[in-house]
Every structure is written in C-alpha cells, then in structure tokens.
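Have a look at the structure below, then the notes.
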Amino acid sequence: MSIAFTFPGQGSQSVGMGKALADAFPEARAVFEEVDDALGASLSKIMWEGDAEELTLTTNAQPALMSVSIAAMRVLEARGLDLKASVAYVAGHSLGEYSALAAAGSIGLADTARLLRTRGQAMQEAVPVGVGAMAALLGLDFEAAVEIAAEAADGDEVCEAANDNAPGQVVISGHKAAVERAVELAKAKGAKRALMLPVSAPFHCSLMKPAADVMAAALGNTEILAPAVPLVANVLAAPISDPAEIGNRLVEQVTGRVRWRESVEWMAQNGVTTIVEIGSGKALTGMAKRIEKSLEAIAVGGAEDIDALLERIGKE
C-alpha cells in the first residue's frame, strides 16, 4: 500500500468541525490555540460557536480548514505516525495545498495560518462583490468545458476553467455575465447540470492577479523548507520539493487552474494505491473514487478515523 495524504479546500467547512478532536486530544487543542494566537483572534470560537455564514467567509474558512487538518495530523503523529516513513506524497485542493505543506513541515503552523488569512482577504478584495462568479459544469469532459468557457468570454470579460476536479466535474470562473453565458451554453451542449456557485469571488482565474501579487510578497517573507515528502502541486499535477519552487507555485495557484483530476491520476500512475483525506468532510474522497476506481479512498476527520488509519498503517 502506497499512501498519499490529501487536504480539503473551501466548501468542506462546517460549524463544529474539529471540536471533537480538540475535546479528545491535547495535541489537537494546541493547534487551535496556536492558530488563534497567530491570528490575534478566536477563530476556534467562530468554528465552534459561530454561524455558517461567518465561517464561510473566505478569510475565516481558509485558516479554519487548515487548522482542522493539522489538528488531525498532530494527533496521528502523537500516536506514532511517521509521515516520511508511511506516506509517499501530500497534495491539497487549493487552500489545502497550504495544509499539505504545513503537514509536511515545509511551512510552520503560525505562518500558514497568517498566510491563509492574507490569501483569503486578498482574494476577496481582488474583485468587487458582484462582478465575478463561478459555476460548476457537470457531465462534460474538461476539453468541452474549456471550449464553452472560451466561447462565453467576450472582449474584456474573462471566463476560464478554474478547477478540473474529476471526470465530468469542472468549475469555471470569471466575470459574472460571461460565467452566466457559459452556464447557458453548457446546458445547450449537453451538460447534465450547469449551476452558479454561492461564492464571494471568482477564484483561480486571471481576475485574481491582484491577490497573486499580495501572496508573492507574503510568501517572499515566509520561511519555506523542503517538505518531508514531495508535494503534488495544483498547477503542475506533478511533485515538487524545492522551497523556491514551492513559493512560486503557490503564487501561480492564485490565478491558475487546480488540476486535481490530473494530480490524482498522476499519483495513481506512480504507485499510490490509497488516498487519505485529512480534515473536514469527504469531498476529496468522493473525487478520488470517480477519478481512479482502483484507488482506495479514506476520509480521516474524527477520533475513530484516526485509530482505524493507524491500525491499517501498522499492519502494512
């Protein structure tokens, strides 16, 4: 069994996430306390006592999801997991790439929390509310979705493929009017479903260039180390370990496409047999099974999941 650890992105958040881990394990509780200290605010209170709308704000959701993933990782490590000995690769979906790097010791936890708060704010501020939009095109292959996006773009209006998540699951991003045109085109061209997404900004498209500039400055002032195991990068769908390249690819990722389908395919073609999703939700677990049926996919978010995973790894 060759294992890859994957880390979820925005959309996997839910009020209460991580609370059971914090209550059961001091190592997890320490993660949430360190993140609160790094941000100078009680993010954990928003996660556990706030409402869904407040948690879903990009500036909260990004560091919150990371903190749950790292809390689970710290518990696994405290109970004997050796990442380098047990795991071949790490990868994360969009913001999850930061979680993956924190898990692999490439970026410190406090730095990761601050970077994600900065990233969330910069992405939100890059485009005025209401100007941009995103939509999911379901039931079309990636090439068809790219053609539809290009056809919908008009003059200065942007419409681009943002996330290639799984076969028949592509997210597009850009100016609202162009994205709305793409939705109608997709329906006319045989999409099973084409729907606008409830997001506050058009992520992973060229409209995010101001946010990329902010992240270039922030990452330039952050210590990045070589990860314990290679990171399969979003924008490359291939592994990297060089700290300078990691920083550059994180900047590219703000405007670049999340090549998740290709990333999982690459891992499967290079010996990975098991994808383990660390953190909140099971979105990546479901995607993995659709991308490559031979893969075993496991979600690890609670105490019982941690015990089961450690038992499995111990038997290998």
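Laid out as a table, the results:
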item	result
Neighbour net charge for residue 291 - beta-carbon separation under 14 angstrom, K R +1, D E -1	-2
Within the accessible area of region 165-261 (1.4 Å probe), percent carbon and sulfur	54 percent
Kirkwood hydrodynamic radius of region 205-316, from inverse mean 1/r over distinct Cα pairs, in Å	15.8 Å
The chain: radius of gyration over Cα atoms, expressed as a fraction of 2.2 N^0.38 Å	0.95
Inter-label distance for residue 248 and residue 196, nm, one decimal - labels placed 7 Å from Cα along Cα-to-Cβ	3.9 nm
Local electrostatic count, residue 112, Cβ distance below 12 Å [Lys/Arg +1, Asp/Glu -1]	-1
Accessible solvent surface per residue of the chain, calculated while the other protein chains remain in place, 1.4 angstrom probe, Å²	39 Å²
Burial ranking of peptide ranges 92-99, 29-36, 5-12 (average Cβ count within 10 Å, highest at the top)	92-99, 5-12, 29-36
Under 17 Å from the residue 296 label point (7 Å along Cα→beta-carbon), backbone N, region 1-38	1-6
Those trypsin sites (Lys or Arg not before Pro) in region 73-118 that DSSP places in a loop and that have at most 16 other beta carbons within 10 Å	79
Percentage relative contact order, region 153-221, counting C-alpha pairs under 8 Å, at least six apart	29 percent
Surface share of carbon and sulfur [accessible, 1.4 angstrom probe, percent] for region 47-163	46 percent
Cα long-axis angle, helix 142-152 against the chain (0 to 90 degrees, to the nearest 10)	50 degrees
Globularity index of region 136-184, i.e. its alpha-carbon radius of gyration over 2.2 N^0.38 Å	1.00
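The values are calculated or read from the model by the stated rules, or taken from the named source; none is laboratory data. Computed from a predicted structure; not experimentally measured. Backbone-built Cβ (ideal geometry, glycine too); neighbour counts: all protein chains shown. Quick note on the areas: whole protein, heavy atoms, side chains included, nothing else; ligands and nucleic acids left out. Shrake-Rupley method; radii C 1.70, N 1.55, O 1.52, S 1.80 Å.
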